[in-house]
1. How many residues does region 77-97 hold that are assigned to a helix (DSSP H, G or I) and among the aliphatic types (A, V, I, L, M)?
2. Right, Lys93: in contact with a strand residue (DSSP E or B) (Cβ under 6 Å, 6 or more places away or on another chain) and either surrounded by fewer than 16 Cβ atoms within 10 Å (Cβ to Cβ) or modelled with pLDDT under 95 (or both) or not?
3. For the list (1) acidic (Asp, Glu); (2) touching a Leu at 6+ places or on another chain (Cβ under 9 Å); (3) over 12 Å from Ile55 (Cβ atoms), I need the number of the one condition that Glu90 fails.
4. For Arg53, are the conditions met, namely being surrounded by fewer than 18 Cβ atoms within 10 Å (Cβ to Cβ) and closer than 30 Å to Thr4 by Cα?
5. Does Thr36 satisfy the condition of being surrounded by 12 or more Cβ atoms within 10 Å (Cβ to Cβ), free of Cβ contacts under 8 Å to residues at least 24 places away in the same chain, part of a loop (DSSP other than H, G, I, E, B) and at negative phi?
Amino acid sequence: MEETAEIKKVTCTVCPRGCQMTVTRKGGEITVEGATCARGRAYGREEMLDPKRMITTTVRVDPAIAGDFLLPVRSRTPVPKKLLIAVAEECRKTVLSRRVRIGEVVIPDVLGCGVDMVATADVPEE
């Protein structure tokens, strides 16, 4: 019985070139066609094995701290794609009870995935 190959069409996002790649996994071997650099080949492999994405969203701030304010946040590093909805839900449930400044960790190690959610703005004074 012949082994079937899993094939993905991927647009590389590592640089502005946007190479159109075909990533094939057959057995334990992964091949990347269409990448013009080593970083693109690594991205193609990651897209096949464990795709990740940055996430940007908001968290609420306690109205006693900053009135009616939603704080924009982002992941410090990419989050496994399979966890994006769960991370967004965790952010939706979060209500900050303190002022934070841009770059501060708002949710450390969100969902235990090793990624921090950080503020992309300061919580304003009332």
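The values are calculated or read from the model by the stated rules, or taken from the named source; none is laboratory data. The shown structure was predicted, so the numbers you read here are calculated from the model rather than taken from an experiment. Note: ideal-geometry Cβ built from the backbone for every residue, glycine included; neighbour counts use all protein chains shown.
1. Within region 77-97, residues that are assigned to a helix (DSSP H, G or I) and among the aliphatic types (A, V, I, L, M) number 6.
2. The answer is no for Lys93.
3. (3) is the only condition that Glu90 fails.
4. Criteria met by Arg53.
5. yes
Table: residues versus (1) in contact (Cβ under 8 Å) with a residue 60 or more places away in the chain; (2) surrounded by fewer than 17 Cβ atoms within 10 Å (Cβ to Cβ); (3) touching a His at 6+ places or on another chain (Cβ under 9 Å); (4) under 25 Å from Thr11 (Cβ atoms).
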position	(1), (2), (3), (4)
Gly44	no, no, no, yes
Met48	no, no, no, yes
Ala64	no, yes, no, no
Leu71	no, no, no, no
Arg76	no, yes, no, yes
Arg101	no, yes, no, no
Asp109	no, yes, no, no
Val115	no, no, no, yes
